[in-house]
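This report refers to the structure that appears directly beneath it.
The values are calculated or read from the model by the stated rules, or taken from the named source; none is laboratory data. On a predicted model such as this, the values are computed, not experimentally measured, just so you know. Please note: Cβ atoms are built from the backbone with ideal geometry, for glycine as well, and neighbour counts cover all protein chains shown.
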Amino acid sequence: MLYEHYKKHAELNHSIYFDGKNTTLGQVLDDHKDYFNKPPSYLLGIDSSYKVAKGKKLKVITAIQYLAPDKMVTSNTLCPNAERNGCSDACLKDSGRLGMMNSQRAMINRTLFYLYMNASYDRQLRYEIDKAYMTYGDDLAVRLNGTSDINYKDLVKDYPHIQFYDYTKNRNMMMKNKNKNHHYTFSGSMFSDYSIKELKQAVKDKLNIALAFNTANSKQDTLQIPHKLFGVELVSFDETDARFKDNQGSIGYLSRKGSSIKVRKQDDQEINNFFITSSNLDRIQALEIN
């Protein structure tokens, strides 16, 4: 029984914010025993978010996987640089449908399957990739890290005929990537000296870079996204999620999802923030790239 297997191997006392309240992983398992006694019904969702589905206008069908991010269900993070980039709290896990209980439960189930039934997880993931390719052919793109930052290099290597893509905060993993069919976009942050140093190096190396701005482009938002940064004209990364279609060296902006104007106004006063805010915009514009 999967439930018993997870009860034996998972970190039952691990604190977790689930369905709007603080609890433990063990309690979530107990409260949803029948659900966690079954393997995930699917690992990959096909065009399962509004933004990802925008790829259809480019004839791209995206299969995306959403795991429980960072340390949501384990002390061993699934996003190695999340803490140093200050993005754990801002993660898409709390945005839109991913913030709903059913979606959270599904992410937890996939992650438990990945952590504690890895061989079965690998078989199911490969089966779903094969099935998706049989259905969509060369229109298919696969994004394995919708809410994680795991290195899937060995799996990707086995599918040279399929386009994979991800955002990553791990510049080193991005630089070492040898799979031509795996496109990475570096996710920049203004949170810490470390993240700023990594962002500067990414610009110097002319990597593709995504920058999230603390605005939803509403009438109440005051932050204005500049036309250029680092001498490069910014492009919208909100139009589609198909990052592998971007030109080499593109720097794009993302508007903030799943937030209230109250939260955005509070964060706009912060200099050390994952988002580009009114308070750190001058700082990023003044960064010297040499």
Filter result (among the aromatic types (F, W, Y) and more than 17 Å from T222 (Cα to Cα)) within the range 258-290
F274
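Across the range 18-51, which residue is modelled with the lowest pLDDT among those that are among the basic types (K, R) and in a helix (DSSP H, G or I)?
K51
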Residue list for the range 213-250, filter: at pLDDT below 95 and small (G, A, S)
A216, S218, G231
Does the range 52-62 contain any residue that is of a type in the set (S, T, N, Q), in contact (Cβ under 8 Å) with a residue 24 or more places away in the chain and outside any loop (DSSP other than H, G, I, E, B)?
yes
List pairs: first residue in the range 111-127 and surrounded by 13 or more Cβ atoms within 10 Å (Cβ to Cβ), second residue of a type outside the set (S, T, Y) and part of a helix (DSSP H, G or I) anywhere in the structure, Cβ distance under 6 angstrom, at least six positions apart or on different chains.
Y116/H9; Y121/F113
How many residues are surrounded by 20 or more Cβ atoms within 10 Å (Cβ to Cβ) and touching a residue at least 60 places away in the same chain (Cβ under 8 Å) if we restrict to the range 257-277?
5
Go through the range 140-177 and give me each residue that's among the charged types (D, E, K, R), under 17 Å from the mean Cα position of the chain (by Cα) and assigned to a loop (DSSP other than H, G, I, E, B).
D149, K169
Kindly establish whether K219 is among the basic types (K, R) and assigned to a loop (DSSP other than H, G, I, E, B).
yes
Note: among Y127, Y136, just one is within 23 Å of L58 (Cβ to Cβ) and either at pLDDT below 95 or outside the structural domain of F18 (by TED's automatic domain parsing) (or both), namely Y136
